[in-house]
1. Taking the residues in the range 102-119 that are open to solvent by 70 Å² or more (accessible area, probe 1.4 Å) and not in a helix (DSSP H, G or I) as candidates, determine which candidate is nearest to ASP157 (Cα to Cα).
2. When both residues are 6+ apart or on different chains and their Cβ atoms are under 7 Å apart, which pairs have a first residue that lies in the range 144-155 and is assigned to a helix (DSSP H, G or I), and a second that is hydrophobic (A, V, I, L, M, F, W, C) and exposed (fewer than 13 other Cβ atoms within 10 Å of the Cβ)?
3. Any chance you could count how many residues in the range 1-59 are in a loop (DSSP other than H, G, I, E, B) and surrounded by 12 or more Cβ atoms within 10 Å (Cβ to Cβ)?
4. Residue by residue through the range 63-84, note down the ones that are among the aliphatic types (A, V, I, L, M) and either open to solvent by 70 Å² or more (accessible area, probe 1.4 Å) or free of Cβ contacts under 8 Å to residues at least 12 places away in the same chain (or both).
5. Which residues, counting only those in the range 60-84, are within 30 Å of VAL166 (Cβ to Cβ) and not in a helix (DSSP H, G or I)?
6. Identify the single condition in (1) open to solvent by 90 Å² or more (accessible area, probe 1.4 Å); (2) touching a Pro at 6+ places or on another chain (Cβ under 7 Å) that ASP146 does not satisfy, given that it satisfies every other one.
7. Looking at the range 85-101, is at least one residue within 27 Å of VAL69 (Cα to Cα), open to solvent by 90 Å² or more (accessible area, probe 1.4 Å) and in a loop (DSSP other than H, G, I, E, B)?
8. Of the numbered conditions (1) in contact (Cβ under 8 Å) with a residue 24 or more places away in the chain; (2) open to solvent by 60 Å² or more (accessible area, probe 1.4 Å); (3) of a type outside the set (Lys, Arg); (4) more than 14 Å from TYR64 (Cβ to Cβ), LEU129 satisfies every one except a single condition; which is it?
Amino acid sequence: MRTDDRTRTKNDRATAAGLIGGAAVCAALAAGTESAVPVWLAAGMLAGALMVYRRTVERRPYAYWPAWVAGAALALLLAWQAEEELAPLVFLPLAGVEILVALVLFALWRRRRTGRGDWIVWLPDEGVLLRREWTRRDAIRWAEDDYRHPCAISPLDEFPAMANEVPHYPDHERPLYRAPRLDEQP
């Protein structure tokens with residue numbers, strides 16, 4: 001990741017945190033004043049925070065669980081301002097389902113966060129890690145379409161020693177770009 005990308009990610013996360021903080025302040029104002037305007041502002045800020053935060057999340061399996069949490073919070077905010085007979089029928093069950101889905105996705109994301117379940121493309125004779133992919137399909141596609149040389153495809157869990165190795169071709173945006181090694185840099 002380049003320095004510009006790190007700075008942009010840091011700024012986007014700070015913006016998302018500011019929007020979430022603003023949404024919390026608006027929700028507190030709505031509770032104190034019983035006005036609808038702060039609730040709608042909080043809902044807008046929460047949706048905006050989700051859009052900004054989405055750009056910072058690494059494209060990994062189950063990494064979209066914060067969207068379900070934000071959806072549940074939005075459903076609760078809408079239930080707060082909905083008509084009394086509509087809230088228990090529509091918004092509260094919706095919030096319950098969304099928080100349940102968010103919990104399941106969070107558990108799956110946490111399990112896969114450290115790389116468990118990843119697939120590796122490697123050269124068994126030399127013990128060289130070529131590429132690390134999130135799914136078997138992506139590993140096969142890269143080995144057949146881009147690399148086109150004999151290599152092995154295995155689950156990372158079978159070779160835990162490879163978990164800390166840096167692949168020769170790590171960039172998902174440029175499949176055959178070989179990043180310079182630390183010992184090769186001037």
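The values are calculated or read from the model by the stated rules, or taken from the named source; none is laboratory data. On a predicted model such as this, the values are computed, not experimentally measured, just so you know. Virtual Cβ from ideal backbone geometry, glycine too; neighbours counted across all protein chains shown. Note: areas computed on protein heavy atoms with side chains; ligands, DNA, RNA excluded. Shrake-Rupley method; radii C 1.70, N 1.55, O 1.52, S 1.80 Å.
1. First, the residues of the range 102-119 that are open to solvent by 70 Å² or more (accessible area, probe 1.4 Å): 103-104, 106, 110-111, 113-114, 116.
Filter once more, keeping what is not in a helix (DSSP H, G or I): 113-114, 116.
Working: ARG113: 13, THR114: 11, ARG116: 6 Å.
Here the residue is ARG116.
2. ASP146/LEU176
3. Keep residues of the range 1-59 that are in a loop (DSSP other than H, G, I, E, B), which gives 1-2, 34-36, 55-59.
In the following step, the residues that additionally are surrounded by 12 or more Cβ atoms within 10 Å (Cβ to Cβ) were identified as 35, 55-57.
Residues in the range 1-59 being in a loop (DSSP other than H, G, I, E, B) and surrounded by 12 or more Cβ atoms within 10 Å (Cβ to Cβ): 4 in total.
4. Kept after step one, since they are among the aliphatic types (A, V, I, L, M), are these residues of the range 63-84: 63, 67, 69-70, 72-79, 82.
Answer for the range 63-84, where residues must be among the aliphatic types (A, V, I, L, M) and either open to solvent by 70 Å² or more (accessible area, probe 1.4 Å) or free of Cβ contacts under 8 Å to residues at least 12 places away in the same chain (or both): LEU76, ALA82.
5. At the first step, the residues of the range 60-84 found to be within 30 Å of VAL166 (Cβ to Cβ) are 60-66.
Across the range 60-84, the qualifying residues are ARG60, PRO61, TYR62, ALA63, TYR64.
6. Among (1) open to solvent by 90 Å² or more (accessible area, probe 1.4 Å); (2) touching a Pro at 6+ places or on another chain (Cβ under 7 Å), ASP146 violates only (1).
7. Residues of the range 85-101 within 27 Å of VAL69 (Cα to Cα): 85-101.
Within this subset, residues satisfying the condition of being open to solvent by 90 Å² or more (accessible area, probe 1.4 Å) are 85, 89, 100.
Narrowing the set further to residues that are in a loop (DSSP other than H, G, I, E, B) leaves 85.
Yes, the range 85-101 contains a residue that is within 27 Å of VAL69 (Cα to Cα), open to solvent by 90 Å² or more (accessible area, probe 1.4 Å) and in a loop (DSSP other than H, G, I, E, B).
8. Of (1) in contact (Cβ under 8 Å) with a residue 24 or more places away in the chain; (2) open to solvent by 60 Å² or more (accessible area, probe 1.4 Å); (3) of a type outside the set (Lys, Arg); (4) more than 14 Å from TYR64 (Cβ to Cβ), only one is false for LEU129: (2).
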